[in-house]
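Worksheet: the structure to be examined is printed underneath.
The values are calculated or read from the model by the stated rules, or taken from the named source; none is laboratory data. Please read these numbers as outputs of a predicted model, since none were measured by experiment. Positions of Cβ are generated from backbone atoms using ideal geometry, with glycine treated the same way; all protein chains shown enter the neighbour counts. Surface areas here come from the heavy atoms of the whole protein model, side chains and all, with no ligands, DNA or RNA. Shrake-Rupley method; radii C 1.70, N 1.55, O 1.52, S 1.80 Å.
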Amino acid sequence: MKNLQKVLSCLFMLIGACCLCACQSGTKKADGEEQNIEMKYATLIQLKEGEGYVSAEFRNPWDSTRVLHRYVLVPKEAELPAHLPEGDIIRTPLEKMLVYVSVHSSLFNELGALDAIGAVGDGEYMYIDKLQADIKSGKVLDCGTSKAINVEQIIDFDPDAVIISAMEDNNSYAKLLNVGIPVVECADYMETGPLQRAEWMRFYGLLVGKQAEADRLFASIEENYNTLKDKVKDLKEKPTVLDGKKLNSSWYVAGIESTIGQIITDAGGRYVFPDETSNGSVPYSPEVVLDRGTDADIWMLKYYKEEGDLTYQDLQDDWNGYTQLKAFREHRVHGVNLSHTNFYMVTPFHPDVLLREYINICHPEVLEPGFQPTYFKPITE
């Protein structure tokens, strides 16, 4: 009996030792082994952490069977690991970026990495005082516009990466890849929901060495958004909402699965196009939209006007058909003047800010007293 106890005791000790070794070996990833970095909302990006690197795979928004791009992020101070997955290598943190998209410049500024921007394209739309001053002084290089990419100028500047919006079948910067300049094709704008796009900030944080800051920022935005959403989810009265305005001969209608469609729903509203299932915007005849939106309780729109703000008379002068809308007649039209605000620089990565403003319009009674919107304001008389 004693011999059996000794054998069992030795056996348990051996098992325990094996488990301990297994746990200790698990703290270090083997060559080629990767662990998923969980993305709770984003659908077009997958992050994995390997030994000495992070890989990022972007799914092709226009063809779900294909990969748009793969990147492998390796710290600058480290040697390249012997076993790396396929993809363009980016040494991080980036310190000399060329950024073409205003919303990304705004995010880098918020993360405390504005100085990592060494050059810009479409810089006139980047409403950041310090950045504009640096462009004017020549400290930050102005590379013109994304519609006319000057490849030779970019090669001479030699950025450590180019941050640009992904475009279908766009090979205008292929020459940059041939000379070893990483081109980050940002597909965040193709995500179909508010938190889906915002979560991409976690990848951008990795690029500039601000992973912890980006993770904290997104966690705060996520909490704010879901808290606001919960405030109105059980309300019985849901006002109907019309979105957008006529543009030439079309009225672009956001689908119910688009970011705008989802925010209207999350704000306790009822979208007048619940059967338009697109995750983007679809051109409709203005007369069709007028018919569908005639009795909408609220009309929300975006406009561009450099001198002053939009008035009801301006709307009527633009198209007399607007006067048939109940929201027009009852003066329940809210708009954001894109010429006076940084709307497109802030709200894509701060959907909680946008949701609060939609709730302020649909159910102002649930917000704190005295709330003042930054963007959507009542159209003036």
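Which residues, counting only those in region 173-189, are closer than 19 Å to Ala113 by Cα and open to solvent by 10 Å² or more (accessible area, probe 1.4 Å)?
The answer is Pro182, and nothing else.
So in region 175-189, with the set limited to residues that are farther than 17 Å from Leu73 by Cβ, outside any loop (DSSP other than H, G, I, E, B) and touching a residue at least 12 places away in the same chain (Cβ under 8 Å), which one is nearest to the chain's Cα centre (by Cα)?
Tyr189
How many of the residues in region 211-259 are touching a residue at least 40 places away in the same chain (Cβ under 8 Å), open to solvent by 30 Å² or more (accessible area, probe 1.4 Å), assigned to a strand (DSSP E or B) and hydrophobic (A, V, I, L, M, F, W, C)?
Total satisfying the criteria: 0.
For residues that are β-branched (Val, Ile, Thr), farther than 19 Å from Ala187 by Cα and either open to solvent by 90 Å² or more (accessible area, probe 1.4 Å) or more than 19 Å from the chain's Cα centre (by Cα) (or both), tally how many sit in region 112-169.
The total comes to 5.
Condition first: charged (D, E, K, R), outside any loop (DSSP other than H, G, I, E, B) and in contact (Cβ under 8 Å) with a residue 24 or more places away in the chain. Can you find one or more residues in region 99-113 that meet it? It would help to see each step written out before you state the result.
Filtering region 99-113 for residues charged (D, E, K, R) gives 110.
The next check asks that each one be outside any loop (DSSP other than H, G, I, E, B); those that pass are 110.
Still in the running and in contact (Cβ under 8 Å) with a residue 24 or more places away in the chain: 110.
Among the residues of region 99-113, at least one is charged (D, E, K, R), outside any loop (DSSP other than H, G, I, E, B) and in contact (Cβ under 8 Å) with a residue 24 or more places away in the chain, which makes the answer yes.
Check whether at least one residue in region 332-351 is among the small types (Gly, Ala, Ser) and open to solvent by 20 Å² or more (accessible area, probe 1.4 Å), and report yes or no.
Checked against the condition, which is being among the small types (Gly, Ala, Ser) and open to solvent by 20 Å² or more (accessible area, probe 1.4 Å), region 332-351 yields at least one hit.
Identify all residues within region 298-315 that are open to solvent by 70 Å² or more (accessible area, probe 1.4 Å) and not hydroxyl-bearing (Ser, Thr, Tyr); write none if there are none.
Glu306, Glu307, Asp309, Gln313
Could you count how many residues in region 77-111 are open to solvent by 10 Å² or more (accessible area, probe 1.4 Å), of a type outside the set (Lys, Arg) and either over 20 Å from Arg197 (Cα atoms) or more than 23 Å from the chain's Cα centre (by Cα) (or both)?
Matching residues across region 77-111 total 16.
Filtering region 46-96 down to residues that are in contact (Cβ under 8 Å) with a residue 60 or more places away in the chain and aromatic (Phe, Trp, Tyr), which residue is farthest from Ala116 (Cα to Cα)?
Among them, the one singled out is Trp62.
Could you list all residues from region 190-210 that are farther than 23 Å from Gly118 by Cα and either among the aromatic types (Phe, Trp, Tyr) or not in a loop (DSSP other than H, G, I, E, B) (or both)?
Result: Met190, Pro194, Leu195, Gln196, Arg197, Ala198.
Being among the polar types (S, T, N, Q) and closer than 18 Å to Lys302 by Cβ is the filter here; which residues of region 327-381 pass it?
Matches in region 327-381: Asn337, Ser339, Thr341, Asn342, Thr347, Asn360, Thr374, Thr380.
Out of Val282, Val289, which single residue is out of contact with any Lys or Arg (no Cβ under 7 Å at 6 or more places or on another chain), within 14 Å of Lys246 (Cα to Cα) and surrounded by 17 or more Cβ atoms within 10 Å (Cβ to Cβ)? I'd like the intermediate steps shown before the answer.
On the way: Val282 fails: surrounded by 17 or more Cβ atoms within 10 Å (Cβ to Cβ).
Val289 is the lone residue from the list that is out of contact with any Lys or Arg (no Cβ under 7 Å at 6 or more places or on another chain), within 14 Å of Lys246 (Cα to Cα) and surrounded by 17 or more Cβ atoms within 10 Å (Cβ to Cβ).
Which one of these is modelled with pLDDT of 95 or more and part of a loop (DSSP other than H, G, I, E, B): Lys136, Lys40, Lys48?
Working: Lys136 fails: part of a loop (DSSP other than H, G, I, E, B); Lys48 fails: part of a loop (DSSP other than H, G, I, E, B).
The unique qualifying residue is Lys40.
What is the one condition in (1) surrounded by fewer than 19 Cβ atoms within 10 Å (Cβ to Cβ); (2) touching a residue at least 12 places away in the same chain (Cβ under 8 Å) that Pro364 does not satisfy?
Looking at each condition in turn, Pro364 falls short on (2).
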